[in-house]
Amino acid sequence: MERRVRRRYAAERRFRLFGLAAIVLSAGFLLFLLVTMMANGARGFVTTEVALSIDFPAAGLGLTPDRIRGPGGDLALAGAQLDAVVDRAAAAQYGAIGPALFSDGADTIVRRALKADPRLAVGRVRLWLPAASDVDTAAKADGTPLAEKRAQVLTDAGQLRTGFNWGFLSGSDSTDPTAVGIWGALKGSLLTMLVTLALAFPIGVLSALYLEEYAPRNRWTDLIEVSINNLAAVPSIIFGLLGLAVFLNTFHLPRSAALVGGLTLALMTMPVIVIASRNAIKAVPPSIRDAALALGASPVQVVFHHVLPLALPGILTGTIIGMARALGETAPLLMIGMRAFIATPPGKLTDPSTVLPVQIFLWSDEVSRGFIEKTSAAIIVLLVFLLAMNGIAIYLRNRFETRW
Amino acid sequence: MPTSALLFLVAGLGLIAWLSGRVRAIAFRKAPGQRFSSLPRHHGSFAAMWTVLPPLLFLAVWGACAPGLATNGVLKTPAAAQLPPPGFERAAILSEARAIANDHHRTPLNPLATRLAPAYAVEQSRYGWIGGATALLLGIAGGAFAFLRIRPGFNARTRIERIVMASLLAASLIAILTTIGIVASLLFESARFFGTVPITDFLFGRHWSPQVIDPRNPGASLGAVPLFWGTFFIGAVIAMLVAIPFGLMSAIYLTQYASPRLRAWMKPTLEILAGVPTVVYGYFAALVVGPALRQLGVAIGIPGATSESALAAGLVMGVMIIPFVSSMADDAIAAVPSAMRDGSLAMGATPSETISRVLLPAALPGVVGGVLLAISRAIGETMIVVMAASGAATISLNPFNSATTVTKQIVDLLTGEASFDSPKTLAAFALGMTLFVITLLLNIIALTVVKRYREAYE
């Protein structure tokens with residue numbers, strides 16, 4: 001008897017331990033994922049620069065401060081072969097390997113420096129220019145032995161420095177991992193989310209109000225309910241196929257535009273908002289409605305003056321969670337062509353654009369090692385946005401949720 | 001007339017109508033001894049709605065038919081006589097001409113398109129002006145009509161409420177429209193696909209290689225069985241082997257054992273796990289899990305171990321599904337009447353015995369329903385398999401071997417440069433149709449099971 005009880009207690013402890021292990025392992029996986037992304041991504045926010053002295057008069061560009069400041073200065077700067085100047089100066093300073101030390105985007109930095117301060121053009125200047133991708137990874141102790149040795153020599157000579165990569169936050173996609181930025185993708189995401197919110201929120205809330213407050217119980221209402229519940233469970237890629245077939249091939253809207261992406265994601269987000277809004281509306285007690293009706297309010301006034309304001313925190317929580325899901329969504333946007341190489345941030349809704357998750361996907365496909373840290377850095381930015389949105393949703397839920 | 005300017009004008013008219021309707025209603029109020037059912041702002045809104053809605057509805061319709069009218073106008077010009085007969089080429093030239101007319105900086109490809117562009121610009125601006133003027137006239141007429149209807153006894157509020165109700169109904173119909181849109185587009189394109197490829201070849205063929213399609217017998221290389229197998233193997237077997245034990249045990253621990261403080265911390269953590277975008281999981285699977293599993297496979301001597309293995313995609317997908325299974329199991333266990341639990345504990349059973357012999361059997365239908373929903377979610381998941389699974393369609397029981405899924409193939413087929421009518425593109429829609437039907441069936445079964453079970457205890 002005693003032994004049996006002991007055995008049962010041991011089984012009890014084992015069972016409990018299994019439960020704890022399941023939780024700890026799940027949380028551990030999350031932690032592992034976050035730590036991996038952080039470790040890789042932190043380096044993506046660091047830029048490596050190598051010093052280069054350029055003698056502009058000797059380069060024979062014919063650029064003078066007056067010419068740069070004067071009319072047609074931009075044209076003259078654009079026409080000057082600054083990439084060749086950089087290559088020659090690099091070869092003169094660092095020998096044959098010199099040109100390979102600098103990023104392909106180095107000449108744009110020189111151009112920007114000349115435009116900001118035309119007086120540089122009269123003499124010899126020392127500029128800090130972005131390093132090439134292999135030097136960059138080597139300076140972060142992740143490159144080939146040869147490149148690392150080279151970077152070490154440069155560092156010892158004071159010709160190499162690292163700093164925060166502002167260009168990563170303000171730039172757009174590029175073929176060179178040292179010159180890429182996420183602003184273009186972020187702006188595309190913002191435009192897409194704007195369209196999604198503008199469509200999915202009103203439509204979702206209005207249909208939730210109708211279904212919960214006014215809809216008669218009949219076959220039509222059942223049909224609407226069944227379609228909303230099913231739409232919430234349809235795989236997101238199916239919405240991409242819908243967007244491709246309807247928006248692109250039937251309505252001939254522009255490919256890879258934020259408008260089409262927003263429309264597609266709105267259809268996907270709407271059922272989520274409807275379901276959350278219905279739950280929030282259901283939670284408003286009937287006594288509120290009865291009181292308003294008894295005072296002579298019309299059914300529309302009851303809903304819009306009393307039920308909706310009381311349900312609003314719950315509705316907003318659901319909307320934010322739905323929008324966070326849409327912000328992290330990739331697959332349907334691939335279907336409607338938002339995977340193009342976009343080097344300039346989109347200006348309007350119909351411009352070709354890409355979004356942050358798709359940009360992550362595109363960078364993850366690149367072979368160059370320099371893209372690994374940029375992909376992880378972009379993931380960090382995306383996760384920061386999503387965590388902030390979820391945090392706001394949880395705060396709203398705790399702050400405003402009323403238990404009746 | 002640019003659309004933004006037009007919308008601005010319409011909004012301005014609406015504002016004027018609101019103000020004047022309100023002023024007129026206030027003026028009527030001066031007369032003594034009357035009772036009103038509506039406030040002045042209701043009258044104002046009534047006038048504004050009559051001013052704004054007709055032009056907007058008209059513009060929506062006009063926007064759909066004006067391009068056709070403009071194209072007809074262009075076709076009557078002499079330059080259009082050189083256009084090729086109706087078909088794909090003609091449509092391409094016309095759409096290019098339209099693009100050049102809208103955007104002067106474009107470099108033209110086809111000289112004919114350049115010559116047609118000015119005609120297009122003329123026609124477009126003509127129909128634009130006609131549409132804009134009509135819309136404004138409609139707005140003014142509607143506003144005047146509403147303004148004249150405002151009388152002391154006029155009940156503007158019920159009119160507005162009727163419009164509000166109509167818009168509520170219209171909003172809820174969008175869900176049905178979306179469903180119809182999905183079903184129609186999938187059915188339509190799939191029907192075209194099955195017009196060239198026999199449905200039996202597609203459903204039962206065991207060879208999938210869409211890169212080389214024999215035009216005489218396209219069905220021979222479009223057999224989807226390897227994809228169905230890979231989807232089932234990754235989504236329903238490997239992922240569930242991870243998600244069910246972990247999800248179930250976390251739910252049991254959190255509901256039965258954990259202290260309130262631990263629960264308050266762990267539940268949001270699991271929710272975060274559910275909120276991480278799938279592209280992040282996919283990248284993690286491709287960067288860390290896949291190579292690690294390949295090394296493991298090579299180390300224990302498994303032939304054909306690849307870094308794009310079914311195991312890598314399935315494992316990460318399983319982790320992604322854990323919170324989902326956990327929350328479904330949580331609901332199912334919470335729905336079991338506490339009398340059953342208390343009875344079992346009172347008979348001297350330990351908590352674990354109560355859970356495994358009383359709570360779980362009682363909650364089983366709910367758990368099964370949740371698992372079915374989880375499977376439907378796993379097989380529809382795209383980004384993890386796109387990034388971590390391979391494109392090679394093989395049928396293999398070895399989890400270290402490569403496997404491909406329906407969703408991965410849809411993405412691969414549609415992101416190439418094939419034209420929209422090729423069997424390759426249409427095959428993606430047929431795969432989408434299959435996926436849609438399977439997930440729909442799984443959802444319906446799961447929801448029925450869950451509903452029955454809930455009714456049993458209510």
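The values are calculated or read from the model by the stated rules, or taken from the named source; none is laboratory data. Keep in mind that this is a model prediction, so the values were computed, not measured. Cβ placement follows ideal geometry from the backbone for every residue including glycine, while neighbour counts extend to all protein chains displayed.
Points worth noting:
- For the range B:124-173, the candidate set comprises residues that are of a type in the set (Lys, Arg) and farther than 30 Å from A:Asn229 by Cα; within that set, the residue that is nearest to the chain's Cα centre (by Cα) is B:Arg159.
- Residues of the range A:246-269 satisfying the condition of being facing chain B (nearest Cβ under 8 Å), surrounded by fewer than 22 Cβ atoms within 10 Å (Cβ to Cβ) and in a helix (DSSP H, G or I): A:Val246
- Beta carbons closer than 9 Å, at least 6 apart along the sequence or on distinct chains, pair a first residue in the range A:382-393 that is at the interface with chain B (Cβ under 7 Å from one of its Cβ atoms) and part of a helix (DSSP H, G or I) with a second that is hydroxyl-bearing (Ser, Thr, Tyr) and surrounded by 15 or more Cβ atoms within 10 Å (Cβ to Cβ) for A:Leu382/A:Ser189.
- Restricting the range A:270-295 to residues that are in contact with a Phe, Trp or Tyr (Cβ under 8 Å, 6 or more places away or on another chain) and aliphatic (A, V, I, L, M), the residue that is surrounded by the fewest Cβ atoms within 10 Å (Cβ to Cβ): A:Ala283
- Checking the range A:231-243 against the condition returns a match, with at least one residue being at pLDDT 90 or above, closer than 13 Å to A:Gly322 by Cβ and assigned to a helix (DSSP H, G or I).
- Condition check for B:Tyr257: buried (at least 21 other Cβ atoms within 10 Å of the Cβ), over 24 Å from A:Phe361 (Cα atoms) and not charged (D, E, K, R): no
- Residue check, A:Ile315 away from every other protein chain (no Cβ under 11 Å) and in a loop (DSSP other than H, G, I, E, B): no
Residues are listed down the side, and each one gets a yes or a no for (1) among the hydroxyl-bearing types (Ser, Thr, Tyr); (2) buried (at least 18 other Cβ atoms within 10 Å of the Cβ); (3) within 14 Å of chain A (Cβ to nearest Cβ); (4) closer than 28 Å to B:Gly282 by Cβ:
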| site | (1), (2), (3), (4) |
| --- | --- |
| B:Pro198 | no, no, no, no |
| B:Val237 | no, no, no, yes |
| B:Leu248 | no, yes, yes, yes |
| B:Met266 | no, yes, yes, yes |
| B:Thr269 | yes, no, yes, yes |
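- Counted residues, the range A:30-46 - those being surrounded by fewer than 19 Cβ atoms within 10 Å (Cβ to Cβ) and either in a helix (DSSP H, G or I) or of a type outside the set (A, V, I, L, M, F, W, C) (or both): 10
- Members of the range A:1-29 that are within 30 Å of A:Thr375 (Cα to Cα) and either more than 7 Å from chain B (Cβ to nearest Cβ) or not in a helix (DSSP H, G or I) (or both): A:Val24, A:Gly28
- First in the range A:147-167 and closer than 14 Å to A:Tyr94 by Cβ, second anywhere and among the acidic types (Asp, Glu), Cβ under 7 Å, 6 or more apart: A:Ala147/A:Asp134
- The C-beta contact set for the range A:95-124 (first residue exposed (fewer than 15 other Cβ atoms within 10 Å of the Cβ), second residue of a type in the set (Gly, Ala, Ser), distance under 6 angstrom, 6+ apart or interchain) comprises A:Arg124/A:Ser53.
- Where B:Tyr453 falls short, out of the listed (1) under 20 Å from the mean Cα position of the chain (by Cα); (2) over 16 Å from B:Leu227 (Cβ atoms): (1)
- Single residue of B:Ala378, B:Ala393, B:Ala346 found to be more than 11 Å from chain A (Cβ to nearest Cβ) and under 16 Å from B:Phe228 (Cβ atoms): B:Ala393
- Only one entry of B:Ile244, B:Ile252 meets the criterion of being modelled with pLDDT of 85 or more, surrounded by fewer than 23 Cβ atoms within 10 Å (Cβ to Cβ) and within 12 Å of chain A (Cβ to nearest Cβ), and that entry is B:Ile244.
- Selection status of B:Val279, within 14 Å of chain A (Cβ to nearest Cβ), touching a residue at least 24 places away in the same chain (Cβ under 8 Å), in a helix (DSSP H, G or I) and under 30 Å from A:Pro357 (Cα atoms): yes
Residues checked against (1) within 30 Å of B:Thr158 (Cβ to Cβ); (2) modelled with pLDDT under 90:
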site	(1), (2)
A:Met268	no, no
A:Pro286	yes, no
A:Ala294	yes, no
A:Leu316	no, no
A:Pro332	no, no
A:Pro352	no, yes
A:Val358	no, no
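- From the list A:Leu146, A:Leu120, the lone residue that is over 34 Å from the mean Cα position of the chain (by Cα), assigned to a helix (DSSP H, G or I), of a type in the set (A, V, I, L, M) and within 23 Å of A:Asn40 (Cα to Cα) is A:Leu146.
- Identity of the residue in the range A:168-191, in a helix (DSSP H, G or I), touching a Leu at 6+ places or on another chain (Cβ under 9 Å) and aliphatic (A, V, I, L, M), that ends up surrounded by the fewest Cβ atoms within 10 Å (Cβ to Cβ): A:Leu169
- The listed residue being assigned to a helix (DSSP H, G or I), within 14 Å of chain A (Cβ to nearest Cβ) and in contact (Cβ under 8 Å) with a residue 60 or more places away in the chain, out of B:Ile140, B:Ile160: B:Ile160
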